Amino acid sequence: MGVSFLPSPAFLGLLLFSFVTLSLHPKPAVAITRHYKLDVMLQNVTRLCHTKSMVTVNGKFPGPRIVAREGDRLLIKVVNNVQNNISIHWHGIRQLRSGWADGPAYVTQCPIQTGQSYVYNYTIVGQRGTLWWHAHISWLRSTLYGPLIILPKLGTPYPFVKPYKEVPIIFGEWFNADPEAIINQALQTGGGPNVSDAYTINGLPGPLYNCSAKDTFKLKVKPGKTYLLRLINAALNDELFFSIANHTFTVVEADAVYVKPFDTKTLLIAPGQTTNVLLKTKPHHPNAKFFMTARPYVTGQGTFDNSTVAGILEYEESHKTIQSSHSTKKLPLFKPNLPPLNDTSFATKFTSKLRSLANAQFPANVPQKVDRQFFFTVGLGTNSCPQNQTCQGPNGTMFAASVNNVSFAMPTTALLQAHHFGQSKDVYTPDFPVNPLTPFNYTGNPPNNTIVSNGTKLVVLPFNTTVELIMQDTSILGAESHPLHLHGFNFFVVGQGFGNFDPNKDPASFNLIDPIERNTVGVPSGGWVAIRFLADNPGVWFMHCHLEVHTSWGLKMAWVVLDGKLPNQKLLPPPADLPRC
């Protein structure tokens, strides 16, 4: 016998009340705590018919996706099971008052040693979009990286068409040799490091490389749909052009900040940068396949990997097409036309189209007045060759790189700890030069003396200082584009140009209304870029070139932002499990 349960009138009333309440109050935008565990471990990986044991997270290459919503707190336990020291950076996360979780080794923390673990603990405040995570010590980010996707708060739509599907696409580099051995050898000999053997899309080199047809990223799409591609450049040393044959992108976000949408067939993305694009597929099955390719934008004099990575965009067959005579094997495959490798004109036009949304919901809070102005030269130089050694750098020297001719020497104690506990003596000095000590014609004929100075110097800023920083490329050892990344902040790119920055003329053309807001910007080859930011985040914040070879050579520095007067303007104390040096 079945038993029937009839609801009581009181229960029905409660049900009706709940229904009405839920209709009036949709799901609350409740922030939650999300837990992740990243096991750093060795894994055998094969690419280009070459198998090697390499450092991975959870045995994956690239590493796992981390997903959260704006407002969520993340507790990410990183366990180090390898011989290398490890630290992980959450690239683009503001880390408001949580500098201990930022990740660059010897800047905000000592690295996690073998057999040790550390819980990165931070809350995502006022950010949504595509960011990424990567190792921040030596060259380990060549294999330790993955997407960090921040969805809007529940019930908050995107300021563009809701996509049918979202796809992270992360560009990387593959080295047959161990990247740690490559950079160690380069730093010993003073010469340039060997270049990568392939570029990758989601870890796969694709069919244009030997022995890689099976290792091809395939993006399967349906006709007449809109896809959100979350593009991330995790390559070590190369800015990349990217295009899909016979398709157009609509750029809607850069570095997790919404932008005024614009259409383009090709985009440029520097290491460290992210770009979200909408891809609208063709209304009907096109009876073709399409290459999606990326290759480098090159401005320097040195050697580089000039190969091309390809994935394939495939349209899913409907029942009708399957029944017709088209077999997928015979479909033509179209290739896109990418700009020439050194196409600075394309690079300039593309970056000039990027503008903040700058509306009521997503304002561009550009600092209109400036408390402190800085002028930094960025570029290459040399160190003298040690006695009794032959060096492979220019004219028997060792390659170096610098900001305002200071090549940054990494300390052996974490800078943030030294600052927080008032123990900076013998760790760093607060006297980083605000201008070049010896002005010269930065983009003209280089000076005869290319030797840099070396030191651990920082800039100290009072809380809530508004900063304007001009970064000027130099032609010492050749002009070159440098993607500069600032930790702990977004900044507004208010101006850029070629040649030497002119303080009397150039500021008149600054865009203080809707400039792009980002965390990584390309200093143009043979030119300059102007950025502004508000120093409202207490701590020690690294700033460096995201071309890893330049960071290894010293193109880096750090800012100390002091605590403010109010309790919510002070750096929180360090966590108990902060790694020790």
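The values are calculated or read from the model by the stated rules, or taken from the named source; none is laboratory data. Since the model is a prediction, treat every value here as computed from it, not as a measurement. Neighbour counts run over all protein chains shown; Cβ positions are idealised from the backbone, glycine included. Protein only, heavy atoms only, side chains kept; ligands, DNA and RNA dropped before computing areas. Shrake-Rupley method; radii C 1.70, N 1.55, O 1.52, S 1.80 Å.
Here are the numbers:
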item: Output for the stretch 36-59, where each listed residue is more than 20 Å from LEU75 (Cα to Cα) and either touching a helix residue (DSSP H, G or I) at 6+ places or on another chain (Cβ under 6 Å) or buried (at least 17 other Cβ atoms within 10 Å of the Cβ) (or both); result: VAL45, ARG47, MET54, VAL55
item: All positions within the stretch 431-464 that are part of a loop (DSSP other than H, G, I, E, B) and of a type in the set (A, V, I, L, M, F, W, C); result: PHE432, VAL434, LEU437, PHE440, VAL452, PHE463
item: Residue in the stretch 383-400 that is in contact with a Phe, Trp or Tyr (Cβ under 7 Å, 6 or more places away or on another chain), outside any strand (DSSP E or B) and crowded, with 20+ Cβ neighbours inside 10 Å present; result: yes
item: Top-ranked residue of the stretch 477-529 - restricted to ones that are of a type in the set (Phe, Trp, Tyr) and out of contact with any Lys or Arg (no Cβ under 8 Å at 6 or more places or on another chain), ranked as surrounded by the fewest Cβ atoms within 10 Å (Cβ to Cβ); result: PHE498
item: Lone qualifier among PRO483, PRO503 - being at pLDDT 95 or above and under 19 Å from GLU253 (Cα atoms); result: PRO483
item: Cross-chain or 6+ apart pairs with Cβ under 7 Å, the stretch 548-564 first and of a type in the set (S, T, N, Q), then open to solvent by less than 10 Å² (accessible area, probe 1.4 Å); result: THR551/HIS544; THR551/CYS545; SER552/ILE183
item: Selection from the stretch 456-476 of residues that are surrounded by fewer than 23 Cβ atoms within 10 Å (Cβ to Cβ), charged (D, E, K, R) and in contact with a Ser or Thr (Cβ under 9 Å, 6 or more places away or on another chain); result: LYS457
item: Counted residues, the stretch 554-581 - those being assigned to a loop (DSSP other than H, G, I, E, B) and touching a Lys or Arg at 6+ places or on another chain (Cβ under 9 Å); result: 5
item: Test set (1) open to solvent by less than 70 Å² (accessible area, probe 1.4 Å); (2) without any contact (Cβ under 8 Å) to a residue 60 or more places away in the chain; (3) of a type outside the set (S, T, N, Q) - ALA360 fails condition number; result: (1)
item: Scope the stretch 372-397; condition within 28 Å of the chain's Cα centre (by Cα) and of a type outside the set (Val, Ile, Thr); matching residues; result: ARG372, GLN373, PHE374, PHE375, PHE376, GLY379, LEU380, GLY381
item: Single residue of the stretch 51-77 satisfying the filter (among the small types (Gly, Ala, Ser) and free of Cβ contacts under 8 Å to residues at least 40 places away in the same chain) that is nearest to ALA256 (Cα to Cα); result: GLY59
item: Of all residues making up the stretch 219-239, the number that are open to solvent by less than 10 Å² (accessible area, probe 1.4 Å), assigned to a strand (DSSP E or B) and within 20 Å of GLY129 (Cα to Cα); result: 7
item: Count of the stretch 84-134 residues which are closer than 22 Å to PRO147 by Cβ, of a type in the set (Val, Ile, Thr) and open to solvent by 10 Å² or more (accessible area, probe 1.4 Å); result: 3
item: Which listed residue is over 33 Å from the mean Cα position of the chain (by Cα) and either surrounded by 21 or more Cβ atoms within 10 Å (Cβ to Cβ) or at pLDDT 95 or above (or both), from PRO271, PRO286, PRO296; result: PRO286
item: Given (1) modelled with pLDDT under 95; (2) farther than 20 Å from ALA135 by Cβ, index of the condition LEU534 fails; result: (1)
item: Extreme residue, most open to solvent (accessible area, probe 1.4 Å), among residues of the stretch 317-346 that are at pLDDT below 95 and either in contact with a Gly (Cβ under 7 Å, 6 or more places away or on another chain) or part of a loop (DSSP other than H, G, I, E, B) (or both); result: SER325
item: Filter result for ILE269 (in contact with a strand residue (DSSP E or B) (Cβ under 7 Å, 6 or more places away or on another chain) and within 25 Å of VAL366 (Cα to Cα)); result: yes
item: Matching residues in the stretch 414-430 - criterion: being under 14 Å from MET557 (Cβ atoms) and outside any loop (DSSP other than H, G, I, E, B); result: LEU415, THR429
